[in-house]
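S.K.: Could you have a look at this structure, given as structure tokens, before my questions?
The values are calculated or read from the model by the stated rules, or taken from the named source; none is laboratory data. These numbers come from a predicted model, not from an experiment. Virtual Cβ from ideal backbone geometry, glycine too; neighbours counted across all protein chains shown.
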Amino acid sequence: MLKVLVTGASGFVGSHIVETLLKTNYRVICAVRKTSNLRWIKNLALECIYGDLNDKGFLEANVKGIDVIVHCAGIVRAMAREEYFKANVENTKNLCEAILKNNPCLKKFIFISSQAAMGPADSSDIEKAADKCNPVSDYGLSKLAAELEIKKMLLRKVSYTILRPASVYGPRDKDIFIFFNLVRHHLRPFTITKRFLQLVYVKDVAKAVTLCIGNKKTDNNIYYLANSSIYTWADISKIISSSVGVKTFTLPIPDFFLKFVGLVSEMISCITKKPTVLNNQKITEMLQECWAADTKPAENALNIEFTNLEIASKITYNWYLINDFF
């Protein structure tokens with residue numbers, strides 16, 4: 001039985017990856033901080049090791065004897081650029097150094113990056129993974145920098161696969177949850193300026209991870225993960241409300257309102273000394289014309305069929321209901 005070490009296992013995406021690995025009969029070891037909330041994984045048949053990814057001694061000791069590493073840990077919001085680069089780049093570099101020093105025979109290193117590392121697309125031309133990247137946020141820049149560290153350090157030494165999910169939704173998510181919450185309250189939001197984006201169901205991201213293990217086609221490659229459908233905000237809200245049978249009324253959102261929300265969020269962040277979900281950089285990402293890329297390479301190499309929004313949104317909405325998220 002292969003031993004798989006997962007970082008960021010207690011988070012939204014990480015916990016789904018852990019569940020899927022266990023169902024596929026891997027032995028799973030989760031690297032978590034002592035302060036981590038383990039509510040999504042505490043009842044699973046796995047092993048937890050406690051430490052920080054900035055502790056090189058911890059990493060060197062715990063990469064030994066591991067067959068596969070899934071690096072999902074990182075931060076998606078922070079107060080300053082330096083925080084993104086410390087958590088997303090330096091810790092990735094630390095992990096790669098530990099692998100090369102104490103486990104150079106690792107079978108596969110899988111990195112959960114982000115579409116933010118690619119940046120928005122020209123709406124007239126769907127981006128390919130190899131296209132020039134143009135991140136528009138510090139988060140995206142830090143994810144791209146982490147990818148570059150992996151390629152520089154592991155190429156021709158340890159096989160790696162980089163996965164770039166689009167906006168991820170599903171049970172346990174707290175970000176795209178806002179769409180579901182507004183639908184629950186009979187509102188269907190959309191931006192007055194038409195914008196395009198793709199989504200990916202969290203369980204598809206988890207499945208893609210398992211399909212990379214032992215798959216030589218994916219060695220040293222980058223894959224974009226998303227359902228191939230390209231939506232507007234209006235499409236997403238309409239599909240969610242239709243799939244769950246909730247009557248909704250349209251809620252048009254002008255750009256100036258989103259910018260105002262970003263400004264207020266930044267002010268709140270300065271007062272509380274804590275990062276907020278909708279900061280100025282997040283709003284900048286939301287205001288891009290098109291977030292889309294080519295899904296064919298992932299579909300072909302992984303032989304994966306991405307779940308459509310109609311099915312996954314109903315599953316997600318019902319999960320929120322059962323678990324009192326609304």
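S.K.: Scan segment 185-203 for residues that are out of contact with any helix residue (DSSP H, G or I) (no Cβ under 8 Å at 6 or more places or on another chain) and either closer than 16 Å to ILE315 by Cα or without any contact (Cβ under 8 Å) to a residue 24 or more places away in the chain (or both) and jot them down.
M.R.: Within segment 185-203, HIS185, VAL200 meet the criteria.
S.K.: Moving to a separate point now. Run down LEU251, LEU258 and say which single residue is in a strand (DSSP E or B) and in contact (Cβ under 8 Å) with a residue 40 or more places away in the chain.
M.R.: On inspection, the qualifying residue turns out to be LEU251.
S.K.: Filter segment 111-132 down to residues that are farther than 17 Å from VAL89 by Cα and out of contact with any Asp or Glu (no Cβ under 6 Å at 6 or more places or on another chain), then give me how many there are. Give the steps one after another, and end with the answer.
M.R.: Step one: of segment 111-132, the residues farther than 17 Å from VAL89 by Cα are 119-132.
Right, trim to out of contact with any Asp or Glu (no Cβ under 6 Å at 6 or more places or on another chain) and you get 119-120, 122, 124-125, 127, 129-132.
Number satisfying all stated conditions: 10.
S.K.: Would you mind finding the one in ILE66, ILE17, ILE29 that is assigned to a strand (DSSP E or B), at pLDDT 95 or above, of a type in the set (Val, Ile, Thr) and touching a strand residue (DSSP E or B) at 6+ places or on another chain (Cβ under 7 Å)? Don't jump to the end; show me each part of the working.
M.R.: Numbers: ILE66 fails: assigned to a strand (DSSP E or B); ILE17 fails: assigned to a strand (DSSP E or B).
The match here is ILE29.
S.K.: On to the next question. Can you name the residue in segment 233-250 that is surrounded by 15 or more Cβ atoms within 10 Å (Cβ to Cβ) and touching a strand residue (DSSP E or B) at 6+ places or on another chain (Cβ under 8 Å) and, of all such residues, is farthest from ASN308 (Cα to Cα)?
M.R.: Here the answer is THR248.
S.K.: So, one more: Consider only pairs whose beta carbons are under 7 Å apart and that are at least six residues apart or on different chains; among these, list those whose first residue lies in segment 41-62 and is under 26 Å from LYS101 (Cα atoms) and surrounded by 12 or more Cβ atoms within 10 Å (Cβ to Cβ) and whose second residue is modelled with pLDDT of 95 or more and among the hydroxyl-bearing types (Ser, Thr, Tyr).
M.R.: LEU53/THR7
S.K.: ARG172 - would you say it is assigned to a strand (DSSP E or B) and charged (D, E, K, R)?
M.R.: No; evaluated as a whole, the condition is false for this residue.
S.K.: For residues in segment 152-175 being in contact (Cβ under 8 Å) with a residue 12 or more places away in the chain and surrounded by fewer than 18 Cβ atoms within 10 Å (Cβ to Cβ), which is farthest from LEU278 (Cα to Cα)?
M.R.: LYS157
S.K.: From the residues in segment 261-295 that are among the charged types (D, E, K, R) and either touching a residue at least 24 places away in the same chain (Cβ under 8 Å) or in a loop (DSSP other than H, G, I, E, B) (or both), which one is surrounded by the fewest Cβ atoms within 10 Å (Cβ to Cβ)?
M.R.: In this case the residue turns out to be LYS273.
S.K.: Looking only at segment 90-105, decide whether some residue is farther than 23 Å from LYS216 by Cβ, among the acidic types (Asp, Glu) and touching a helix residue (DSSP H, G or I) at 6+ places or on another chain (Cβ under 6 Å).
M.R.: For segment 90-105, residues farther than 23 Å from LYS216 by Cβ, among the acidic types (Asp, Glu) and touching a helix residue (DSSP H, G or I) at 6+ places or on another chain (Cβ under 6 Å): absent.
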